[in-house]
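Each remark here refers to the structure printed beneath this line.
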Amino acid sequence: MATIGSKWKPIIIYALGERTLRFGQILVRIEIISKKVLTDQLKELEQDGIIQRTAYKEIPPRVEYHLTPKGLDLLPILNLMTVWNTKHSEAK
């Protein structure tokens, strides 16, 4: 839980899923997160080995993010949490 225990990390992991996205694409998928918070959370996830950041030496610079095998292992857990939330949100 220490690795994904923040408000945003599970959302970022879920947004990435099995695809590779650029910073702006992640920002569009998670509309309510600020650029600073997203940047900080991506750095922490990279340090924890959950995501991989790939920077390309181009002009303009291009940076892409994708889940590592360790990060991909979290997807089934997050999917189960989503199912649980949907089930219990409708029960109100």
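Any read-out appearing in this document is the output of simple, stated calculations on the displayed coordinates, not a laboratory observation. Only a predicted model underlies this, so the values are computations on that prediction, with no experimental measurement involved. Don't worry about glycine lacking a Cβ; one is built from the backbone with ideal geometry, like all the others, and counts go over all protein chains shown.
For every residue, the table says whether it meets (1) hydrophobic (A, V, I, L, M, F, W, C); (2) in contact with a His (Cβ under 8 Å, 6 or more places away or on another chain).
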{"site": "ALA2", "(1), (2)": "yes, no"}
{"site": "LYS9", "(1), (2)": "no, no"}
{"site": "ALA15", "(1), (2)": "yes, no"}
{"site": "LEU21", "(1), (2)": "yes, yes"}
{"site": "GLN25", "(1), (2)": "no, no"}
{"site": "ARG29", "(1), (2)": "no, no"}
{"site": "LYS35", "(1), (2)": "no, no"}
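Within segment 51-74, which residues are hydrophobic (A, V, I, L, M, F, W, C) and more than 21 Å from ASP40 (Cα to Cα)? Spell out the reasoning first.
Residues of segment 51-74 hydrophobic (A, V, I, L, M, F, W, C): 51, 55, 59, 63, 67, 72, 74.
Residue satisfying the conditions is ILE59 alone.
Which ranges mark the helices (runs of 4 or more DSSP H) fully within the chain that have 1 or more residues being touching a residue at least 40 places away in the same chain (Cβ under 8 Å) and loosely packed, with under 15 Cβ neighbours inside 10 Å? Give the derivation first.
Numbers: elements: 9-16, 23-29, 35-47, 69-72, 75-90.
So the answer is 75-90.
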